[in-house]
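Undergrad: Below is the structure I would like to discuss, written out as structure tokens.
The values are calculated or read from the model by the stated rules, or taken from the named source; none is laboratory data. Only a predicted model underlies this, so the values are computations on that prediction, with no experimental measurement involved. As a convention, Cβ positions derive from the backbone with ideal geometry for all residues, glycine included, and neighbour counts pool all protein chains shown. Only protein heavy atoms, including side chains, enter the accessible area calculation; ligands, DNA and RNA are left aside. Shrake-Rupley method; radii C 1.70, N 1.55, O 1.52, S 1.80 Å.
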Amino acid sequence: MRPERMSGVRVYRNGAEERRVLIVAYDDAQILDIACPSGALDIANRYGAEPPYSVELGTPGRRAVRSSAGLVVGAGQDLETVVGTLDTVIVVGGIGCEDAAADERLLRQVRRLAARSRRVASVCTGAYVLAAAGLLDHRRVTTHWGWAERLAERHPAVAVDAAPLYIRDGNVFTSAGVTSALDLTLALIEDDHGPTLARTVARELVAHLHRPADQAQISVFLAAPPPEDRLVRDLMGHITGHLAEDLTPGALAVRAGISSRHLTRLFTSHLGTTPARAVRTARTEAAAHLVRSSGLPLAAIARRCGFGSVETLRQAFLDHYGVTGDRLRRMTDMPPARVAPGRETPRS
């Protein structure tokens, strides 16, 4: 049956639809980078994803690739012959990433397929391939912590932040090492089908639904054990993964399905701070990492991290670290936070 394709969803003559996901692999790819996304999407289908995911593995020339573990994985698609629109392109990582990033034939197809896709993602060092293809310029991205510095040096136009588990910047998703592929895929499932299905898939995989996306090394939220309350944990994951979005207490309360007053009680009880202060702290710490790890101007950093202006960002740095953004960029060591977030009312 010949499908018609629109907006990344294949629509067949009988009315059936599929979300078309293409996983791009190469020699010496990490086998878990292939297995985590494909396995999670398969479980999503079994639990009623509508429309379901159609997962394909593609390589140059449709040749089988040898993973870094020695297992040979057969491909179902030749990247050069993939036509029609795609929902998601996922480029995997692995120790073969540098050879893959130097393969112009592969990069040419990644660029072509990205233009046909609703969104693009990388797992682990798959970011090397996306960066070499020019798809990460002027975006905040992450990759495996051990490879982040090298990626930043090779691609100065890319804002590399080694701290988070995954980052969404527009329609581009990047994730850290190996098992964070599962965190990334659960985020994609939640975007497509909502939190209920994502929770169901996580439960089937015996996994945490939301590890916080932004794992800032200086985060006060990581200095103590993660909040025991699942709702607070999930909201913090949402906050740190969507810093540029509406994160007012009212919006967070609507997302959680509770009143603003109850939201404040939960945050005060489990984090020792209010929702507004938690959001400000997460944004400030993410902005600090971008200031230190990228050459982005402060105006761009302010936008990406949800601050209304450079002046608001400047005041947040002064409140949190006691220095301005320019001073922070010149410093070798990150200053400690001046106070814990619930101990002082930040200025807006």
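A quick yes/no check of all residues on (1) touching a His at 6+ places or on another chain (Cβ under 7 Å); (2) within 21 Å of Asp27 (Cα to Cα):
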| residue | (1), (2) |
| --- | --- |
| Val73 | no, yes |
| Leu130 | no, yes |
| Ala163 | yes, no |
| Leu182 | no, no |
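Undergrad: Oh, and also: If I ask for residues that are of a type outside the set (Ser, Thr, Tyr) and surrounded by fewer than 20 Cβ atoms within 10 Å (Cβ to Cβ), which ones from the stretch 251-263 would you list? Before the answer, list the steps.
TA: Our first condition is that a residue be of a type outside the set (Ser, Thr, Tyr); within the stretch 251-263, this holds for 251-258, 261-263.
Result: Ala251, Ala253, Val254, Arg255, Ala256, Gly257, Ile258, Arg261, His262.
Undergrad: Could I ask something else about it? Can you pull out every residue in the stretch 149-177 that is open to solvent by less than 10 Å² (accessible area, probe 1.4 Å) and assigned to a helix (DSSP H, G or I)?
TA: Result: Leu151, single match.
Undergrad: Looking at the structure I just gave you, is Arg111 surrounded by fewer than 21 Cβ atoms within 10 Å (Cβ to Cβ), under 23 Å from Ala187 (Cβ atoms), touching a residue at least 12 places away in the same chain (Cβ under 8 Å) and more than 12 Å from the chain's Cα centre (by Cα)? Even if it seems obvious, please write down each step before you answer.
TA: Details: surrounded by fewer than 21 Cβ atoms within 10 Å (Cβ to Cβ): yes; under 23 Å from Ala187 (Cβ atoms): no; touching a residue at least 12 places away in the same chain (Cβ under 8 Å): yes; more than 12 Å from the chain's Cα centre (by Cα): yes.
Here the answer is no, as Arg111 does not meet what is asked.
Let's see how each residue does on (1) closer than 20 Å to Trp147 by Cβ; (2) surrounded by 18 or more Cβ atoms within 10 Å (Cβ to Cβ):
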{"position": "Asp33", "(1), (2)": "yes, yes"}
{"position": "Ala40", "(1), (2)": "no, yes"}
{"position": "Ala44", "(1), (2)": "no, yes"}
{"position": "Gly58", "(1), (2)": "no, yes"}
{"position": "Gly70", "(1), (2)": "no, no"}
{"position": "Thr88", "(1), (2)": "no, yes"}
{"position": "Val92", "(1), (2)": "yes, yes"}
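Undergrad: Right, another one. Have a look at Gly70, Gly84 and point out the one that is free of Cβ contacts under 8 Å to residues at least 40 places away in the same chain, in a loop (DSSP other than H, G, I, E, B) and more than 29 Å from Pro164 (Cβ to Cβ). Explain how you work it out, then say what you get.
TA: Working: Gly84 fails: free of Cβ contacts under 8 Å to residues at least 40 places away in the same chain.
Going through Gly70, Gly84 in turn, the sole match is Gly70.
Undergrad: Among the residues of the stretch 114-139, count how many are buried (at least 22 other Cβ atoms within 10 Å of the Cβ) and either over 19 Å from the mean Cα position of the chain (by Cα) or of a type in the set (S, T, N, Q) (or both).
TA: 2
Undergrad: Pick from the stretch 264-298 the residues that are among the hydrophobic types (A, V, I, L, M, F, W, C), open to solvent by 10 Å² or more (accessible area, probe 1.4 Å) and over 22 Å from the mean Cα position of the chain (by Cα): which of them is farthest from Phe317 (Cα to Cα)?
TA: Applying the filter and picking the extreme gives Leu266.
Undergrad: Does Glu98 satisfy being within 22 Å of Ser294 (Cβ to Cβ), at pLDDT 95 or above, assigned to a helix (DSSP H, G or I) and charged (D, E, K, R)?
TA: Values: within 22 Å of Ser294 (Cβ to Cβ): yes; at pLDDT 95 or above: yes; assigned to a helix (DSSP H, G or I): yes; charged (D, E, K, R): yes.
So Glu98 passes the test.
Undergrad: If you don't mind, there's one more thing I want to ask. Would you pick out the residues in the stretch 46-56 that are free of Cβ contacts under 8 Å to residues at least 40 places away in the same chain and open to solvent by less than 50 Å² (accessible area, probe 1.4 Å)?
TA: Matches in the stretch 46-56: Pro52, Tyr53, Glu56.
Undergrad: So which helices (runs of 4 or more DSSP H) stay within the stretch 256-322 end to end and still have 3 or more residues that are within 30 Å of Glu153 (Cα to Cα) and among the hydrophobic types (A, V, I, L, M, F, W, C)?
TA: Values: elements: 260-271, 275-293, 298-304, 310-321.
Qualifying helices (runs of 4 or more DSSP H): 275-293, 298-304, 310-321.
Undergrad: One residue is enough: does the stretch 140-148 have a residue meeting the conditions out of contact with any Lys or Arg (no Cβ under 8 Å at 6 or more places or on another chain), open to solvent by 60 Å² or more (accessible area, probe 1.4 Å), at pLDDT below 90 and of a type in the set (A, V, I, L, M, F, W, C)? Steps first, please.
TA: At the first step, the residues of the stretch 140-148 found to be out of contact with any Lys or Arg (no Cβ under 8 Å at 6 or more places or on another chain) are 141-148.
Narrowing further to those that are open to solvent by 60 Å² or more (accessible area, probe 1.4 Å): 145.
Checking the rest, the ones that are also at pLDDT below 90 come to 145.
Now restrict to residues that are of a type in the set (A, V, I, L, M, F, W, C): 145.
Yes, the stretch 140-148 has at least one match.
Undergrad: Which one of Ile43, Ile23 is touching an Asp or Glu at 6+ places or on another chain (Cβ under 8 Å), at pLDDT 95 or above and assigned to a strand (DSSP E or B)? Break it down into steps so the answer makes sense when it comes.
TA: On the way: Ile43 fails: assigned to a strand (DSSP E or B).
The conditions single out Ile23.
Undergrad: Say we look at the stretch 299-316 and pick out the residues that are touching a Leu at 6+ places or on another chain (Cβ under 9 Å) and not aliphatic (A, V, I, L, M); which of these is least open to solvent (accessible area, probe 1.4 Å)? Break it down stepwise before answering.
TA: Quick first cut of the stretch 299-316, residues touching a Leu at 6+ places or on another chain (Cβ under 9 Å) only: 299-302, 304-307, 310, 313-314.
Okay, now just the ones that are also not aliphatic (A, V, I, L, M), so 304-307, 314.
On the way: Arg304: 57, Cys305: 1, Gly306: 26, Phe307: 21, Arg314: 99 Å².
Among those that are touching a Leu at 6+ places or on another chain (Cβ under 9 Å) and not aliphatic (A, V, I, L, M), it is Cys305.
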